[in-house]
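The values are calculated or read from the model by the stated rules, or taken from the named source; none is laboratory data. Keep in mind the model is a prediction, meaning the values are calculated, not measured. Virtual Cβ from ideal backbone geometry, glycine too; neighbours counted across all protein chains shown.
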């Protein structure tokens with residue numbers, strides 16, 4: 001049983017951040033948290049092997065090389081150098097350092113791009129094609145859906161099947177094509 005988590009991080013603690021925790025094909029937790037201690041405490045309580053965060057995990061003056069590669073491949077990422085992105089990146093780096101200090105691997109993802117790379121039209125098709133059962137919650141908020149997509153990326157990472165976009169200044173993990181094509 002491998003436990004992974006996804007975090008759709010908001011730039012500020014007064015906004016909701018989506019958190020999802022998966023074990024194999026089961027959703028152990030899906031919901032929103034606000035403060036860093038709430039997010040970190042929840043994630044640590046499940047002891048995941050890996051957490052995929054929807055945020056750049058490094059700073060740049062504008063776009064990083066990895067962001068430019070993403071855009072060339074048709075994935076709509078925002079540059080960490082934008083003034084409005086700086087608080088998000090700062091928060092993500094803080095959380096990453098704390099989680100890594102607790103032996104949890106942290107990777108960067110972009111849920112909108114990961115859904116696109118999967119070939120799935122929406123979260124429902126993605127869940128069906130990955131055999132993931134939520135069971136206890138039917139209608140997801142956007143934050144929760146993005147956190148769940150991030151957690152699925154983390155699962156593909158653990159399986160060694162993530163789609164990787166890499167440059168000297170960063171790595172962004174997405175999903176392999178699972179809808180409209182072979183796994």
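In the list 119, 101, which residue meets the criterion of being at pLDDT 95 or above, over 16 Å from the mean Cα position of the chain (by Cα) and surrounded by 14 or more Cβ atoms within 10 Å (Cβ to Cβ)?
The conditions single out 119.
Suppose we filter the stretch 40-53 for residues that are surrounded by 24 or more Cβ atoms within 10 Å (Cβ to Cβ) and in a loop (DSSP other than H, G, I, E, B); how many remain?
Of the residues in the stretch 40-53, 1 are surrounded by 24 or more Cβ atoms within 10 Å (Cβ to Cβ) and in a loop (DSSP other than H, G, I, E, B).
State which residue pairs qualify: first residue over 15 Å from residue 104 (Cβ atoms) and inside the stretch 26-45, second residue loosely packed, with under 14 Cβ neighbours inside 10 Å and at pLDDT 95 or above in any location, beta carbons under 7 Å apart, and separation of 6 or more residues or different chains.
Once the first residue is over 15 Å from residue 104 (Cβ atoms) and sits in the stretch 26-45, its partners that are loosely packed, with under 14 Cβ neighbours inside 10 Å and at pLDDT 95 or above give 34/14.
Would you pick out the residues in the stretch 9-39 that are in contact with a strand residue (DSSP E or B) (Cβ under 8 Å, 6 or more places away or on another chain) and either part of a helix (DSSP H, G or I) or closer than 15 Å to residue 99 by Cα (or both)?
So in the stretch 9-39, the residues in contact with a strand residue (DSSP E or B) (Cβ under 8 Å, 6 or more places away or on another chain) come out as 9-10, 16-23, 25-34, 39.
Of everything in the stretch 9-39, those that are in contact with a strand residue (DSSP E or B) (Cβ under 8 Å, 6 or more places away or on another chain) and either part of a helix (DSSP H, G or I) or closer than 15 Å to residue 99 by Cα (or both) turn out to be 9, 19, 21, 39.
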